[in-house]
1. Run through every distinct alpha carbon pair of the chain and return the Kirkwood hydrodynamic radius in angstroms, one decimal place.
2. Within 10 Å of each residue's Cβ, count the other Cβ atoms and sort PHE250, PHE46, PHE121, PHE303 from fewest upward.
3. How many angstrom lie between the C-alpha centres of the range 235-257 and the range 192-217?
4. Say the dipole of the chain comes from +1 at the beta carbon of Lys and Arg and -1 at that of Asp and Glu; which of LEU162, GLY87, ALA214 then lies farthest toward its positive end?
5. Rg over Rh of the range 17-129, using C-alpha atoms and the Kirkwood radius, what does it come to?
6. Taking K and R as +1 and D and E as -1, what net charge do the other residues with C-beta under 10 Å from the C-beta of ALA154 add up to?
Amino acid sequence: MTLIGETGGAPAGGVNLADIIKDATDASFMADVVEASKTTPVIVDFWATWCGPCRQLGPALEKAVAAAKGAVKLVKVDIDKNPAYAGQLRVQSIPAVFAFVDGRPVDGFMGALPDSQVKQFVDRLAKQGGGGSPIDQLLDMARESLELGDPGGAAQAYAQVLQAEPQNVKALGGLARLYQKSGDLERAREILEMAPEGAKDPDLDGVRAALALAAEAPSETAAFEQRIAADPDDHEARFELAKGLAAGGFMAEAVDHLLEIVARDRTWNDEAARKQLLTVFEAAGPMSEVAKQGRRKLSSILFS
């Protein structure tokens, strides 16, 4: 199953520094600052070439804004060449920094600050804007697509994230989960191998568990169903049937059979059914209805 569509010339989800850090003039101020801030918070740095503290503050601002990955923009204005808006904002000393949101100044400071305080200022503004970085927006888009039953749209959003950040754990986990659910276990395994060593993510862990189940599953289950029909206490047959069902994506049915084993003989084969249930819960997703209901039923059996 092909999940990722053609992206054409669409942005890859990365951030071009030229789009978020630029020089502005009095002529471009309305477009670069006032209008732009209606969609993304904009920081204006009023500076001059002769200003020593400006040369100290400028790189710190640029570094913090770049780290925000598009959640905030930076516009630099040389007041010697462009005095109009500095005058309107009553800039009396430089560096002078103003934060614009929705077309108006909402915060600011004068003079050079330590890098840590500059970062706090930028991060605070990013949260105030509420838009998040393009990467976060794409991840949100993927989640929304899944909620709307559009796995293709989710896959494309994840793919755009990975074009910008090839080792983004959330995107790798989400894409691997999509391939696993579609039955393309080989592609899911390839995505898992792209994850950084030691990366932890519920989707990554779930796909690993699903692949482990698939590796142990029998190719046919009819014989096990016949054995269970003849002897409901044939725990081995029920266990093998549950493995086959889980590998085929029938998680709820697999859980029911494993719970039946636990209910009949919870210590069978060194509690193999209970241990297998934990793997199935992880493969289905720890917050899935299968896992939630299965845990409740398991607790009811164990503590009854």
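Read the figures in this text as sums done on the coordinates, not as results from a lab. Everything quoted here is computed from the prediction, not taken from an experiment. As a convention, Cβ positions derive from the backbone with ideal geometry for all residues, glycine included, and neighbour counts pool all protein chains shown.
1. 23.1
2. With the sparsest Cβ surroundings first, the list reads PHE303, PHE250, PHE121, PHE46.
3. Cα centroid to Cα centroid, the span is 19 Å.
4. GLY87
5. My calculation puts Rg/Rh at 0.92.
6. On the way: positive: ARG143, ARG177; negative: GLU144, GLU147, ASP150.
Cβ neighbours under 10 Å give a net charge of -1.
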